[in-house]
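As C-alpha cells, the structure follows; a few thoughts come after it.
The values are calculated or read from the model by the stated rules, or taken from the named source; none is laboratory data. Predicted model only: the values in this text are computed from it and were never measured. Using ideal geometry, Cβ is built from the backbone for each residue, glycine included, and neighbour counts are taken over all protein chains shown.
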C-alpha cells in the first residue's frame, strides 16, 4: 500500500513538472532570390530534447488544384480554428527572440529608398502589434537597401515558448474542433487530416 502511494505521488510530481515545463518552437525562414528555406525546431527541457525538421519545398512541386470554393471553405475552417485558440494563446505564448532582417534592391536608387521606407513602416507596425499581443523579450529588426542591384532577401527567426500544459489544452481544443468539423475538412482537403 505504501509503495502504491509513493508511486502515485512520484507520478503526479513528474506530471506536474512536465506540465509546467516550457516547450520552445524555433521558426527559421529564409528567402533569397525567390527560393524559400524553412526550418522548424522543437526543444524541451532546456534543449535536452530537440527535434529539427527542414520543411522547405522545391519550387517545382505543385500542389493539387482544387476548386476556389473548396479553398475558401478550407480557409474559413482554418481561420475558425485559429480564432478558437487565439484568445487562449495570447496570454500563454512568450516570444523569447524575434529577428527580422530584410535586404531590398530594385535596381533604381530612388525606388529602392522609397521601398525600404515602406518596408520599415510595415515591419514597425507588425512588431508593434506582436508586442501588444504577446509577451516579447527580445526583438531585432533591420531593413537594408541594396542600391547596386535588384535583390530581395528575408531572414526571419523566431523563438516561441509556452508551457507544455498549455499545448495540451490547445491540442484538445483543436481535436474537438476537428471532430465537430471533420466532414468539412475531409471534403476541402481531399482526405483525412490524420493521414
Just give me the residues in the range 137-153 being crowded, with 16+ Cβ neighbours inside 10 Å and assigned to a strand (DSSP E or B), in sequence order. 143, 145, 151
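With respect to residue 104, determine if the residue is assigned by TED's automatic domain parsing to the domain that holds residue 154, closer than 30 Å to residue 173 by Cβ and modelled with pLDDT of 90 or more. Before the answer, list the steps.
Details: assigned by TED's automatic domain parsing to the domain that holds residue 154: yes; closer than 30 Å to residue 173 by Cβ: no; modelled with pLDDT of 90 or more: yes.
So residue 104 fails the test.
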Any residue at all in the range 52-66 that is closer than 25 Å to residue 146 by Cβ, surrounded by 12 or more Cβ atoms within 10 Å (Cβ to Cβ), within 19 Å of the chain's Cα centre (by Cα) and modelled with pLDDT of 60 or more? yes
Of the numbered conditions (1) assigned by TED's automatic domain parsing to the domain that holds residue 99; (2) surrounded by fewer than 16 Cβ atoms within 10 Å (Cβ to Cβ); (3) closer than 18 Å to residue 24 by Cα; (4) at pLDDT below 90, residue 134 fails exactly one; give the number of that condition. (2)
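Kindly evaluate residue 98 against the criterion of being in the same structural domain as residue 42 (by TED's automatic domain parsing) and surrounded by 16 or more Cβ atoms within 10 Å (Cβ to Cβ). Outline the logic, then answer.
Values: in the same structural domain as residue 42 (by TED's automatic domain parsing): yes; surrounded by 16 or more Cβ atoms within 10 Å (Cβ to Cβ): yes.
Yes, satisfied.
Got a number for residues in the range 154-173 being surrounded by 14 or more Cβ atoms within 10 Å (Cβ to Cβ) and farther than 30 Å from residue 112 by Cβ?
To start, the set of residues in the range 154-173 that are surrounded by 14 or more Cβ atoms within 10 Å (Cβ to Cβ) comprises 154-167, 169-170, 173.
Still in the running and farther than 30 Å from residue 112 by Cβ: 159-167, 169-170, 173.
Counting residues in the range 154-173 that are surrounded by 14 or more Cβ atoms within 10 Å (Cβ to Cβ) and farther than 30 Å from residue 112 by Cβ gives 12.
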For the range 115-131, which positions are surrounded by 13 or more Cβ atoms within 10 Å (Cβ to Cβ) and farther than 30 Å from residue 93 by Cα? 115, 116
